[in-house]
Amino acid sequence: MKLSKIRYFLIFMGPILTITIIFYFMIGWCIYISMTDWRSARVSMKFVGLRNYFDVVQSREFYVSLINNIQWIALFMLPTTFLGLVIAYLIILTGKETIFRTIFLLPTAISMVVAGTLWVWMYATNGGINTLLRMIGLGSLARPWLSDPRTALYALIFVTVWQYLGFSIIVFEAAIKGIDRTLIEAAVVDGASGFQVFRYVILPQVRHGFLIAVPLLGLSALKVFDVVFVATRGGPGISTYVLAYYMWVKAFWWRFMADGAAIAVILLLLSLVLVIPYATYALRRWFG
Amino acid sequence: MADVKLDHVTKIFGGRVVAVDNITLHIRDGEFFVLLGPSGCGKTTTLRIIAGLEKPTAGRVYIGGVDVTDLPPKDRDVAMVFQSYALYPHMTVYDNIAFPLKIRKMPKHEIDRRVREVARMLYIEDLLDRKPAQLSGGQQQRVALARALVRQPKVFLFDEPLSNLDAKLRIEARAFLKRLQKELKITTVYVTHDQAEAMTMADRIAVMNAGKVIQVGTPDDIYWKPTHVFVAGFIGAPSMNLVDVSYVEKEDKVYLQGPGFELDITPLASVVRPRLKHTELIMGVRPEHLEIVDRPVDPHCVPGEVYVIEPLGAETIVNVRVGDSIFKVRVLGAVKYNVGDKVYLHFDLNRVYIFDRKTGEAIII
């Protein structure tokens, strides 16, 4: 009896504990490496304190990356969330949810590498976007979107909006469908227009949708790496650098492991800044 | 103030399900009109068509003489109270009541005045700061009512507003609502499946079944003069005894012959005979119109046996077995009979209903 209890404990708790331990060990190890002088292909573990952090933070690449990440969060998170909400509402109004959901979810389902490659074609000098612009007589707007430092970042941000919109729509579709239908009908009979129904009945009751979508989308924007890696490699110049890409460059291109680890730790701290207020708010709301 | 007219209204869902089948109704100005019927009979759909929440597949809807068939709900000036009350959970009671005025961009002080007036009328003044989740069912129902009242609409629509209340509260609310409607004189369409609610509150009732209006009339008409076996069976508690019978004539007497019994209805023969299309009939008699007697007092008695006795205090329902049929008999107070006693059932021929078994229509009312 006793033995079987121990066995059950090991079967269920063992893997969880193992994963948790390894996970926190990795974080700890990463923090430790970020304070060593491991700056070449050869492992070196001499403790140097916070020196790497000062070096990294003072670099121009870090500054550009941070600003880009902040722009990315602002220009990606807000439109994706609100567009998701609005489109979800419109989709429900059409009553053809399955078709539209499939269409919008398709980009979310495909890999970011595939999406990145697709959009490289779309953005190319003779790619889809420019061809379209020329067709509708806006040829003057045509440009090499990803090679122009003024547009490259926003072109990439747009790709992530395109890719995550489906996710946002699903979240809000579920939230809206959770609202008692008669509430909406009551508002309609009370005289509310479509917009007023949205503003006074639906919006206040999809807060939990924001609670799910906002932190997850914010984190995706903070951690964004793949689309940059596939589409621009941070270029032109360093105009599309983001922290995760800078981390990769430092750690696996320059083999400055300690600097890469320092950026990783900074990313972790930034994630916490984004998540902790939301998590406490959510916990307080849901569990009093 | 307005009347409501439905002119040959039909609603078909998904091309196949006929929810409302060619209904024509005229609800008069200031009237308390009840749509009564079992679930799925189309009464709620009819109400939603009046509200504008459903578009009729065919037919027209008029409110106050204006064709509103193609108007959205907000332009019809109707207010609706839902079965679930549909209170906005994120708003206070005050904001819930103020909502219809707020979206009409009424000045703030006017909204405040009206909300407080309605709240006073419905005894919910001290609840104005609460959220709906903090209210009891009865209080929520009043808030929903207040939200409908505050606008002073042309027409009130109620969709089973009392069905979520417990029995005691329901009876109180019934009287309260009726009184309120009489004071305000606002045309009211009220949907219910509860015949007691319909009988107690309505000026007129439309009994519906399978998407059709079977009979329209005052509660008295519906009770005393059912034109269809469905209405007869639906109204009254316990419901009317309905037994399949055949019309038989022998030796210049006329009988209704049921399974194991014969009832002499010779005095009715001159009325019944010309209206008969065939001899397959349904006989109906209300429990309160039957009498249990020890021996036959006239020719309109049939022998039976006491089967079950259901005492209810003020009255007793006695089930009497006659042939192969059970008749429920309503007796005031207690009864002296025991199960198994041989008795006679006395039929008052003025209160015996006869329906055509094929069409269900009344042959004598």
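Taking a 1.4 Å probe, which of A:30, B:41 shows the most accessible area, and what order do the others take after it?
Details: A:30 35, B:41 0 Å².
Largest accessible area first, the residues go A:30, B:41.
Report the percentage of all Cα-Cα pairs in region B:259-365 whose separation exceeds 18 Å, rounded to a whole percent.
Numbers: 2869 of 5671 pairs.
That fraction is 51 percent.
Sort A:186-193, A:273-280 by the packing proxy (mean of other Cβ within 10 Å over each peptide's residues), most packed first. Present the calculation step by step, with values, prior to reporting the outcome.
On the way: A:186-193: 23.9, A:273-280: 13.1.
Put in order of decreasing packing, that is A:186-193, A:273-280.
Quick check: Cα centre of region B:294-327 to Cα centre of region B:204-236, how many Å?
Each part reduced to its Cα centre gives a spacing of 26 Å.
Please list, ordered by chain and number, the residues whose modelled amide H lies under 5 Å from the amide H of residue A:235; skip anything fewer than 5 residues away on the same chain.
A:240
With just the Cα atoms of the protein assembly as shown, tell me how far they stretch along each of the three principal axes, in Å, largest first.
Principal extents (largest minus smallest coordinate, Cα): 122, 77, 52 Å.
About its Cα centre, what dipole magnitude does region B:261-331 give when the only charges are +1 on Lys and Arg Cβ and -1 on Asp and Glu Cβ, stated in debye to the nearest 20? Present the calculation step by step, with values, prior to reporting the outcome.
Numbers: 8 positive and 11 negative charges, 71 e Å.
Charge dipole, region B:261-331, about its Cα centre: 340 debye, nearest 20.
Could you give the accessible area per residue of region B:252-340, probe 1.4 Å, as a whole number in Å²? Display every interim value, and only then the final one.
Values: 4520 Å² over 89 residues.
Value returned for region B:252-340: 51 Å² of accessible area per residue.
Give the residue list of trypsin sites (Lys or Arg not before Pro) in region B:261-365 that are DSSP loop and have at most 13 other beta-carbon atoms within 10 angstrom.
Numbers: sites: B:275, B:277, B:321, B:328, B:330, B:336, B:342, B:351, B:357, B:358; in loops: B:277, B:336, B:357, B:358.
For trypsin sites (Lys or Arg not before Pro) across region B:261-365 that sit outside H, G, I, E and B with at most 13 neighbouring Cβ atoms in 10 Å, the list reads B:277, B:336, B:358.
Can you give the FRET efficiency for residue B:332 and residue B:117, using 1/(1 + (r/R0)^6), R0 = 51 Å, r = Cβ-Cβ distance, to the nearest 0.05? Intermediate results must be reported in sequence, preceding the final value.
Numbers: r = 46 Å, r/R0 = 0.90.
Using R0 = 51 Å, I get an efficiency of 0.65.
Between chains B and A, what is the buried accessible area summed over both chains (1.4 Å probe, protein heavy atoms, nearest 100 Å²)?
Numbers: alone 17140 and 16770 Å², together 32230 Å².
So the buried area, both faces added, is about 1700 Å².
So for region A:1-67, what percent of the C-alpha to C-alpha distances run longer than 13 Å? List each step's numbers first, then the result.
Details: 1655 of 2211 pairs.
That fraction is 75 percent.
Name the residues of region A:175-195, by number, that are at least 30 Å² less accessible with every protein chain in place than in the isolated chain; the surface is that of heavy atoms, probe 1.4 Å, without ligands or nucleic acids.
A:182, A:183, A:185, A:186, A:188, A:189, A:190, A:191
For residue B:215, list long-range residues whose amide hydrogen, built 1.01 Å from N in the peptide plane, is under 5 Å from its own amide hydrogen.
B:207
If you place +1 on the Cβ of every Lys and Arg and -1 on the Cβ of every Asp and Glu, how big does the dipole about the Cα centre of chain A come out, in debye to the nearest 20? Walk me through the numbers on the way to the answer.
On the way: 23 positive and 11 negative charges, 143 e Å.
Magnitude of the dipole: close to 680 debye.
Hey, if you put +1 on the Cβ of every Lys and Arg and -1 on every Asp and Glu Cβ in the protein assembly as shown, which of A:138, B:258, B:87 ends up farthest toward the positive end of that dipole?
The residue sitting farthest along the positive end of the dipole is A:138.
Per residue, how large is the accessible surface of region A:86-137? Use a 1.4 angstrom probe and give square angstrom. Don't skip to the answer; put the middle values down first.
On the way: 3240 Å² over 52 residues.
Here the residues of region A:86-137 average 62 Å² of exposed surface.
Taking each residue in B:70-82, count the Cβ atoms of any other chain within 10 Å of its Cβ, then average. What number comes out?
Values: counts 0, 0, 5, 8, 8, 1, 2, 1, 3, 4, 6, 2, 7.
Mean number of neighbouring Cβ atoms from other chains: 4.
I need the phi-derived Karplus couplings for region A:189-206: 6.51 cos²θ - 1.76 cosθ + 1.60, θ = phi - 60°, integer Hz, Gly and Pro marked x.
5, 5, x, 6, 7, x, 5, 5, 4, 4, 5, 9, 10, 7, 3, x, 9, 10
What residues qualify as long-range amide H neighbours of residue B:290, i.e. H under 5 Å apart, gap of 5 or more or another chain, H built at 1.01 Å from N?
Residues meeting the amide H criterion: B:330.
Mind listing which trypsin sites (Lys or Arg not before Pro) in region B:86-146 are in a DSSP loop and have 12 or fewer other Cβ atoms within 10 Å? Provide the component values of the computation, followed by the final result.
Values: sites: B:102, B:104, B:105, B:108, B:113, B:114, B:116, B:120, B:130, B:142; in loops: B:104, B:105, B:130.
Loop-located and lightly packed - B:105.
What nm value, rounded to one decimal, do you get for the distance between residue A:25 and residue B:172 when each label is placed 7 Å out toward the C-beta?
Distance between label points: 6.7 nm.
Taking the Cα centre of the protein assembly as shown as origin and charging only Cβ (+1 Lys, Arg; -1 Asp, Glu), how large is the dipole, in debye to the nearest 20? Numbers along the way, then the final one.
Working: 72 positive and 57 negative charges, 633 e Å.
That gives a dipole near 3040 debye.
What distance in nm lies between label points placed 7 Å from Cα along the C-beta direction at residue A:148 and residue B:66?
Modelled inter-label distance: 5.4 nm.
With a Förster radius of 35 Å, plug the Cβ-Cβ distance of residue B:18 and residue B:272 into 1/(1 + (r/R0)^6) and report the FRET value to the nearest 0.05.
On the way: r = 34 Å, r/R0 = 0.97.
Efficiency at R0 = 35 Å is approximately 0.55.
Obtain the nm distance between the two label points defined at residue B:248 and residue B:28 by a simple spin-label model: each point lies 7 Å from its Cα along the Cα-to-C-beta direction.
Going from the residue B:248 label point to the residue B:28 one covers 4.7 nm.
Carbon and sulfur atoms: what percent of the 1.4 Å accessible area of the protein assembly as shown do they account for? Walk me through the intermediate numbers first.
On the way: 19860 of 32230 Å².
C and S fraction of accessible area: 62 percent.
Debye sum, Cα scatterers, chain B, no solvent: what log₁₀ I/I(0) at q = 0.07, 0.11, 0.12, 0.14 1/Å?
The Debye formula, applied to the Cα set alone, gives -0.41, -0.84, -0.94, -1.11.
In the protein assembly as shown, with Lys and Arg counted as +1 and Asp and Glu as -1 at Cβ, which of these residues, B:96, B:333, B:137, has the Cα nearest the positive end of the dipole, that is, farthest along it?
Of the options given, the answer is B:96.
Semi-axes, largest first, in whole Å: what does sqrt of 5 times each Cα gyration tensor eigenvalue give for region A:58-287?
Details: eigenvalues 248, 126, 35 Å².
Semi-axes, largest first: 35, 25, 13 Å.
Picking from A:168, A:201, A:191, whose Cα lies most toward the positive end of the charge dipole for region A:137-226 (charges on Cβ: Lys, Arg +1; Asp, Glu -1)?
Value: A:168.
Which residues among region B:29-64 fall inside the zone where the amide N is under 13 Å from a point 7 Å beyond the Cα of residue B:7, along Cα→Cβ?
B:59-64
The values are calculated or read from the model by the stated rules, or taken from the named source; none is laboratory data. Remember, predicted model here, so these are calculated numbers, not experimental data. So basically every Cβ, Gly included, is an ideal-geometry build from the backbone, and we count neighbours across all protein chains shown. Remember, those area values only see protein heavy atoms, side chains included, never the ligands or the DNA or RNA. Shrake-Rupley method; radii C 1.70, N 1.55, O 1.52, S 1.80 Å.
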